1. Any residue that is surrounded by fewer than 20 Cβ atoms within 10 Å (Cβ to Cβ), at pLDDT 95 or above and assigned to a loop (DSSP other than H, G, I, E, B) - is there at least one of those in segment 177-184?
2. Being open to solvent by 20 Å² or more (accessible area, probe 1.4 Å) and assigned to a helix (DSSP H, G or I) is the filter here, so list the residues in segment 58-74 that pass it.
3. Looking at His278, His270, His192, His264, which one is out of contact with any strand residue (DSSP E or B) (no Cβ under 8 Å at 6 or more places or on another chain) and within 16 Å of ligand 1 (Cβ to nearest atom)?
4. Kindly indicate whether any position in segment 198-216 is open to solvent by 50 Å² or more (accessible area, probe 1.4 Å), over 18 Å from His270 (Cβ atoms), within 16 Å of ligand 1 (Cβ to nearest atom) and touching a residue at least 40 places away in the same chain (Cβ under 8 Å).
5. Which is touching a residue at least 60 places away in the same chain (Cβ under 8 Å), buried (at least 17 other Cβ atoms within 10 Å of the Cβ) and under 21 Å from the mean Cα position of the chain (by Cα), of Phe116, Phe77?
6. Can you confirm whether segment 101-113 contains a residue that is out of contact with any strand residue (DSSP E or B) (no Cβ under 8 Å at 6 or more places or on another chain) and not in a helix (DSSP H, G or I)?
7. Out of Leu84, Leu25, report the one residue that is in a helix (DSSP H, G or I), among the aliphatic types (A, V, I, L, M) and at pLDDT 85 or above.
8. Are any residues in segment 174-189 touching a strand residue (DSSP E or B) at 6+ places or on another chain (Cβ under 7 Å), near ligand 1 (Cβ under 10 Å from one of its atoms) and over 17 Å from Asn259 (Cβ atoms), and if so, which ones?
Amino acid sequence: MSSELSRQIDRLIQKKPMYKEPLSLYGDLMVFLNEIEPEMTHEMKDQSVCETKVKEGFPLFSREDLPLDLKAAFSLFYRLLKYLASKNRRDKEALEEALTKAQIDPNWIMSLITAFLSSDEPAIANIAEEVNLEPVVLKFVTHMALRPSLNTLKESYSERVQKDRWVYGYCPLCGSSPDVAYLNEEGRRFLHCELCGYEWYYPRLRCPFCENKEPKELGYFVSEDDEGFRVDFCKKCNCYIKTLDKRVIESRAPLELENLVTLHLDMLAHEQGFKTPHG
Ligand SMILES: [Zn+2]
Ligand SMILES: [Zn+2]
């Protein structure tokens, strides 16, 4: 982990001690990520194929056919579990159980990855229940295990997507929904992909989930506890997205980390009847 990220995590733990656990988990898992170089054996899509897809509004890949190095993901998944189980966590026993399961049954990991990629929450909950682990922890580990492959995807293809021609609320690389957004120094809005982390421009006065442009149905609220953040919502589809305003806060922490420490805002949004596209 870079020392800058480590500093950011310490800063956030000081500022928001109640998030110490997820922040430490994030920090712990990051330690491993630089160690694995996935082997991407797929053939790159041609520039012309990419251009046509972008023009017609199709993401380059779907979540089900992403070029992933599964061998690397399996190995990383296993190592991440092992590492977490070695920590003095309260879910230590469940982690050990998951580790044993992963060891004797590679299909178990595969079904987890499949469920994760198809956002099949009930299936993930079932798999998590088998080993008594919280689904959120299992999802996080799965996501991290896929991360080197996803990073390679992002590095290989972000050049091939003409950013200014992509005008949709889903990721041009993998088709996923955004999980968080930010306003840059000029107040332009960018969405952050929940799966691969790619960021793309999207108009502020439009709902990324249903493309609603009616100003009367779009709004946002803020909370004193989370300065620099706002929650943009749409009254047509009832979805919301958290937005970091970089004009207010100059954050150097990765957006996904900021997303992690603003769960309070998600609670407020849910209380007001708004949801994420996955519920
Ligand atoms: Zn993506
Ligand atoms: Zn909407």
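1. yes
2. Within segment 58-74, Arg63, Glu64, Asp65, Leu70, Lys71, Phe74 meet the criteria.
3. On the way: His270 fails: within 16 Å of ligand 1 (Cβ to nearest atom); His192 fails: out of contact with any strand residue (DSSP E or B) (no Cβ under 8 Å at 6 or more places or on another chain); His264 fails: within 16 Å of ligand 1 (Cβ to nearest atom).
The match here is His278.
4. Scanning segment 198-216 turns up at least one residue that is open to solvent by 50 Å² or more (accessible area, probe 1.4 Å), over 18 Å from His270 (Cβ atoms), within 16 Å of ligand 1 (Cβ to nearest atom) and touching a residue at least 40 places away in the same chain (Cβ under 8 Å).
5. Numbers: Phe116 fails: touching a residue at least 60 places away in the same chain (Cβ under 8 Å).
It is Phe77.
6. Our first condition is that a residue be out of contact with any strand residue (DSSP E or B) (no Cβ under 8 Å at 6 or more places or on another chain); within segment 101-113, this holds for 101-113.
Retained after the next criterion (residues that are not in a helix (DSSP H, G or I)): 105.
Within segment 101-113, one or more residues are out of contact with any strand residue (DSSP E or B) (no Cβ under 8 Å at 6 or more places or on another chain) and not in a helix (DSSP H, G or I).
7. Answer to the selection: Leu84.
8. Cys174
The values are calculated or read from the model by the stated rules, or taken from the named source; none is laboratory data. All figures in this text were calculated on a predicted structure; none of them were measured in a lab. Reconstructed Cβ throughout: ideal geometry from the backbone, glycine too, with neighbour counts over all protein chains shown. These accessible areas exclude ligands, DNA and RNA; they are computed on the full protein's heavy atoms, side chains included. Shrake-Rupley method; radii C 1.70, N 1.55, O 1.52, S 1.80 Å.
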